[in-house]
1. Taking Ala53 and the conditions (1) in contact with an Asp or Glu (Cβ under 6 Å, 6 or more places away or on another chain); (2) at pLDDT 90 or above; (3) not charged (D, E, K, R), which numbered condition does it fall short on, given that it satisfies the others?
2. One residue is enough: does segment 312-324 have a residue meeting the conditions open to solvent by less than 10 Å² (accessible area, probe 1.4 Å) and more than 29 Å from Cys402 (Cα to Cα)?
3. Could you check segment 46-95 and list, in sequence order, the residues that are in contact (Cβ under 8 Å) with a residue 60 or more places away in the chain and at positive phi?
4. Please go through (1) modelled with pLDDT of 85 or more; (2) surrounded by 18 or more Cβ atoms within 10 Å (Cβ to Cβ) for Ala42 and return the number of the only condition it doesn't satisfy.
5. Any residue in segment 296-321 that is over 13 Å from Tyr40 (Cβ atoms) and assigned to a helix (DSSP H, G or I) sitting within a Cβ distance under 6 Å of a residue that is aromatic (Phe, Trp, Tyr) and open to solvent by less than 20 Å² (accessible area, probe 1.4 Å)? List the pairs, counting only those 6 or more apart or interchain.
6. Would you confirm whether or not segment 293-300 contains a residue that is open to solvent by less than 10 Å² (accessible area, probe 1.4 Å) and under 30 Å from Arg427 (Cβ atoms)?
7. Out of Val231, Val217, report the one residue that is under 20 Å from the mean Cα position of the chain (by Cα) and part of a strand (DSSP E or B).
Amino acid sequence: MRFSISLISVAFLVLSACAAKDVGPINTHEASIQSKRTDYIAGQGNDGSTVVALAFSGGGTRSAAFAYGVLQALDEIIIDEYPYKRRLIENVRLVSGASGGAVAAAYYGMTGPDQYRDFREKFLYRNAEAGLRTSLLPPENIVRTLSGGLNDRNGLAQWLDANLFHGKTFSSLRRNDAPTVWITASDIYNRTPFHFTDDTFDALCSDLDKVKLADAVSASAAVPVAFAPVVVSAMQKQCNYQPPQWLKDTLTNPDVSLRLNAYARSLYAYRNDPQQKYIKLLDGALTDNIGVTPFALVRAAAKNAHGPLSPAEAVKLRKLIFIVADAGTDGEEPWVKTVHGPVLTEVAAATAYTSISASVRDGFDALKFATTQWQKDLIDYRCSLPAAKVKEYRGTLQGWNCRDVSLVVEAVSFRDFDTATQTSLNRIPTRFKLPKQQVDLAIDSGRKAVMQHAKIQNAVLDIQKFAKVKASQQVSPVKSKPVALPAFH
C-alpha cells in the first residue's frame, strides 16, 4: 500500500508539472503614476441633449449576440434630420458589461458607432472555445481543475487578443469620440465587484492604459472551475498615489451605502494591506451580472448634483436613456416535476443561477433608485443656476426649461417575448461557441426587444419631436452627413 501511494504521489506531481498554468499577473506597476481619472463620463455626443447608456449582461456568446442586436436597433433609429441624419447610437456615451456582455462592450468602445458592425463575423459566428479545454477526460485536465480551473490565460484571453482586440489596451479607449467603458469582474477575496477603471488601478500603483482589453474581458468572463482566476498584482504599495476625496469620505462616513463602502474598503486594501499581494478575479456575473454597479457607485460617490455628468452636460441634457440588456435565461429543470432531485451537479448549477438572478434584481433596483434620485437632483441643480451660467453652457437661452429633463431606465430581456420565442432563447447555452441559427436568433431578439419596448420608443418619439421643433427654428439649409452607412444583412 505504501508503494502504491508513493506511485500515486509521483504521478500527481508529474501531471501537475504538465498542467502548469499561465496565471498572470495582467498588470505592471509604476513607481510614479499620473492619474487619468475623471469624475465625468464621456461628454462628446452631438448637441448633448440626448445621452444613451448601455449595460450588457453575462451569458457567453448568447449575451454578446443579444447586445449586438441592441446596438443594431440604436443604429437604425434616426432621431434628428438637422443638420444631418443622426442615429441614436451616436449618442451612446457609456457602455458597461460583465462576462459575455463585456466582450461586446469592450469591442464597441474600441471601434465606435461606425466600425462595430463586423463584431458578428469576427466574434459571434466564430468558435472562441477553439483554444479552450472543455473536457475532464485527460488526467492532467482533472489536475488543472482541482488546482484552480481548467483553463488559464492561454485560452480565452489569447484567442480574444489574436482574433478580436489585436493587442489593443485600455489606452485605445482614450479617443475623444469614445464612450466611457466599464468592464466588471469579481474580486473573490474581498467579495466585491472589480472595475477596470482608473480609480482601481491608481490604487494598485498601476496603469490601466497598459492593460490589454483581452485580459480584462477574459477576467470578466472567467467562470469558476472552467477558468482559473485571473491575477492582478497588488505587490507595489509605494507610489505617489493620492486617494480621491470620495474614497476618503466613504471610509469615514458611517452612513454611506454598504455597496460603496465595500468597494472603497477593497481599494484601500489593495493599497495598504500587506497580506493582499495578488488579487484573484473571476466572472463578473458573481457580483454584478448586468454590469450596472459602476454607475450606481459613481453616482453614490459624486459630491454634486450633476455627476457623473459635467456641469455643462447636465444643463444641455434633455433625455438620458439607460438600457440594460439582460440575456439571462430561465431554466426548464426536470426536477421540479418529481419528488426527487436535484442531484449534486444540478444543485450546484441551481445555486449559481439563483445567486446571479438575485444579483440582477438587486442591481437593477439599485440603478433605478439611483437614477430616480439623480433626476430630482438634476432638476434642482439646473433650476438653481443663473441665466448667465445657463447661456454659457448652452450658448443660448432659447427653449430653456430647467425642469425639462428625464432619465429613462429600462431592461430588455428574453421575457419580453412570447412563450415560444422565450423557450427557444432559454435553450441557448452559455457558451463561447454557438450555431449560427442561435446567434441570429439572439441578435434578432436584441434588436426587436428595443424596437418593441413601449417606454424606450416613447422616449425616442419625444427626442424626435424635440429635434423637429428645434430644426424648424433654424434658418440654415439641411445638410447631408458625408458618411455612407452600409445596410445590415
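1. If we test Ala53 against (1) in contact with an Asp or Glu (Cβ under 6 Å, 6 or more places away or on another chain); (2) at pLDDT 90 or above; (3) not charged (D, E, K, R), just (1) comes out false.
2. Residues of segment 312-324 open to solvent by less than 10 Å² (accessible area, probe 1.4 Å): 314-315, 317, 320-324.
From the residues that got through so far, the ones that are more than 29 Å from Cys402 (Cα to Cα) too are none.
Checking segment 312-324: not a single residue is open to solvent by less than 10 Å² (accessible area, probe 1.4 Å) and more than 29 Å from Cys402 (Cα to Cα).
3. Within segment 46-95, Gly48, Gly59, Gly60 meet the criteria.
4. Ala42 satisfies all of (1) modelled with pLDDT of 85 or more; (2) surrounded by 18 or more Cβ atoms within 10 Å (Cβ to Cβ) except (1).
5. Listed by first residue and then by second, the contacts come to Leu297/Tyr263.
6. Yes, segment 293-300 has at least one match.
7. Values: Val217 fails: part of a strand (DSSP E or B).
Answer to the selection: Val231.
The values are calculated or read from the model by the stated rules, or taken from the named source; none is laboratory data. Quantities reported herein were computed from a predicted structural model and do not represent experimental measurements. No Cβ is skipped: glycine too gets one built from the backbone with ideal geometry, and neighbour counts run over all protein chains shown. Only protein heavy atoms, including side chains, enter the accessible area calculation; ligands, DNA and RNA are left aside. Shrake-Rupley method; radii C 1.70, N 1.55, O 1.52, S 1.80 Å.
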